[in-house]
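Every read-out reported here was derived from the displayed coordinates using simple, explicitly stated rules and does not represent laboratory data. These figures come from a predicted structure and were not determined experimentally. When we count neighbours, we look across all protein chains shown, and the Cβ atoms used for this are built from the backbone with ideal geometry, even at glycine.
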Amino acid sequence: MPDRLGHPLEKPLFDQLTLIGVGLIGSSLARVARRQNLAKTIIAIDSSEEARKKIAALQLADHVTGDYADGVKNADCVILCVPVGACGLVAEKISSSLKAGAILSDVGSVKGAIVSQIEPHLPKHVHFVPAHPV
């Protein structure tokens with residue numbers, strides 16, 4: 001059924017979309033991605049066991065994990081939905097597991113701090129697309 005987001009895609013844009021951090025923004029992205037058929041598979045990563053249980057109960061992801069490396073290894077697109085101050089640490093955790101050609105993005109409200117934290121860990125084979133949630 002169409003709504004303000006339009007019709008769901010007939011063919012997903014991504015084989016795997018991985019969302020890191022499934023709080024308010026991450027879970028909202030998961031809900032829209034699921035509803036609009038943006039990815040064949042949605043993976044949610046969160047360090048909080050409570051958050052992982054909630055996202056699993058809401059069935060907004062196909063797989064929910066606390067293992068950063070495993071959660072991103074096959075992702076075509078990875079979106080960091082973590083606090084700005086955590087972006088560098090998360091980028092460091094996932095950098096060696098990102099596949100060639102993957103898109104890495106974020107939902108932080110400031111760019112300078114995020115770019116400076118992520119760039120030192122960004123593999124040359126990954127495309128970084130800074131974004132904003134609004």
Worksheet entry | Members of segment 50-60 that are in a loop (DSSP other than H, G, I, E, B) and either buried (at least 16 other Cβ atoms within 10 Å of the Cβ) or under 11 Å from the mean Cα position of the chain (by Cα) (or both) | 60
Discussion item. Could you tell me how many of the residues in segment 20-58 are over 19 Å from residue 89 (Cβ atoms) and in contact (Cβ under 8 Å) with a residue 40 or more places away in the chain?
Written reply: 1
Response to the item:
Considering residues that are surrounded by fewer than 13 Cβ atoms within 10 Å (Cβ to Cβ) and either touching a residue at least 60 places away in the same chain (Cβ under 8 Å) or under 17 Å from residue 16 (Cβ atoms) (or both), the number found within segment 84-126 is 3
Discussion item. Just to verify a result, which residue in segment 3-49, among those that are surrounded by fewer than 16 Cβ atoms within 10 Å (Cβ to Cβ) and of a type in the set (A, V, I, L, M, F, W, C), is farthest from residue 65 (Cα to Cα)?
Written reply: 5
